[in-house]
Amino acid sequence: MLPIQFYPIFHNHNKDTNKPKYIVIHDTGNPNAGAINHWKYFGGGNRNASAHYFVDNENIIQIIKDSDSAWHCGDGKGKYGITNNNSLSIEICLTGNLEKSIANAKDLAEHLMKKYSIPSENVVRHYDASRKTCPRSMSGSDWKRWNIFKSELAKVSPSIPKPNKSPNQEASFRVQVGAYSKRENALNMVSRLKAAGFDAIIKTN
C-alpha cells in the first residue's frame, strides 16, 4: 500500500464526532485533478463538502482525521443508515491510470477495514448512502467495476479486537497434585486435601 500523506485542512468538517462503521467510496467526477490538486482545493476555503481521503494512481492523501466527520454523504440525510458521523470517505481521483487508482483505493479500504474492524459489507458506494450515482466511474455495465472491487474486499478479514479481561474478574487456575497407580492412594490424597480446606477431584485418563 502507498504511504498515507496527512495534510489537514481547517474547513468543512466536524471535530471528534465520527465513529466509523462504514467506508464510503466516491469518485471526484473531475478528470483534470489528482489527489494533490484536491487537497489544495479543499484546503483553500469553504467548499461546503469534504472527504477524508483522496486517492490517485500515485498518492493517498488524507485531509481530515478519521475521528472527525467529513461532509461527504449528508445528501442522504441518514435515510439508509450511513451518515457523515459513522463513516470514512475515500474519493477516487480520475486522472492518470484509473485502474491503478482503484487498486490504491482498495488497498486503503482494506487497511481501514482492519484498523476499525469494518466488515466488507459495510464498504459501500455513495449511491448506497444517498442514491446519487457515485462513484460514477464504477457504475458502467451494471456496476461491473464496483462488483469486482467488492468481491476482492470480501476476501479481507477485519481484525476483531479481543475483549480485555476486567481488572475485577477473578482468574481461575488449576493445580495438579499428583498421579497415582492405585485408586486407594488417590482417594487418600483427596481426603487429605479436603481436610486442609481445598476442593479436590479425581480424574482418570
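What to note about this one:
- Amide H contacts under 5 Å for SER87, placed H, 5+ residues apart: LYS19, LYS21, TYR22
- With 0.36 nm allotted per residue and the present C-alpha distance subtracted, the PHE6-ARG136 stretch has 44.2 nm of extension available.
- Stokes-Einstein D (µm²/s) once Rh is taken as the Kirkwood radius of segment 4-156 over alpha-carbon pairs, at 4 °C in 1.567 mPa s: 86
- Applied to segment 140-147, the Karplus parametrisation 6.51 cos²θ - 1.76 cosθ + 1.60 on θ = phi - 60° returns per-residue 3J(HN,Hα) values of x, 6, 6, 6, 4, 4, 5, 5 Hz, with x for Gly and Pro.
- Computed from phi, the 3J(HN,Hα) profile of segment 19-35 under the Karplus parametrisation 6.51, -1.76, 1.60 (θ = phi - 60°) reads 10, x, 10, 10, 10, 9, 9, 10, 10, 6, x, 10, x, 10, 9, x, 5 Hz, with x in place of Gly and Pro.
None of the figures in this text is laboratory data; all of them are computed from the coordinates on show. Since this is a predicted model, take the numbers as computed values, not measurements.
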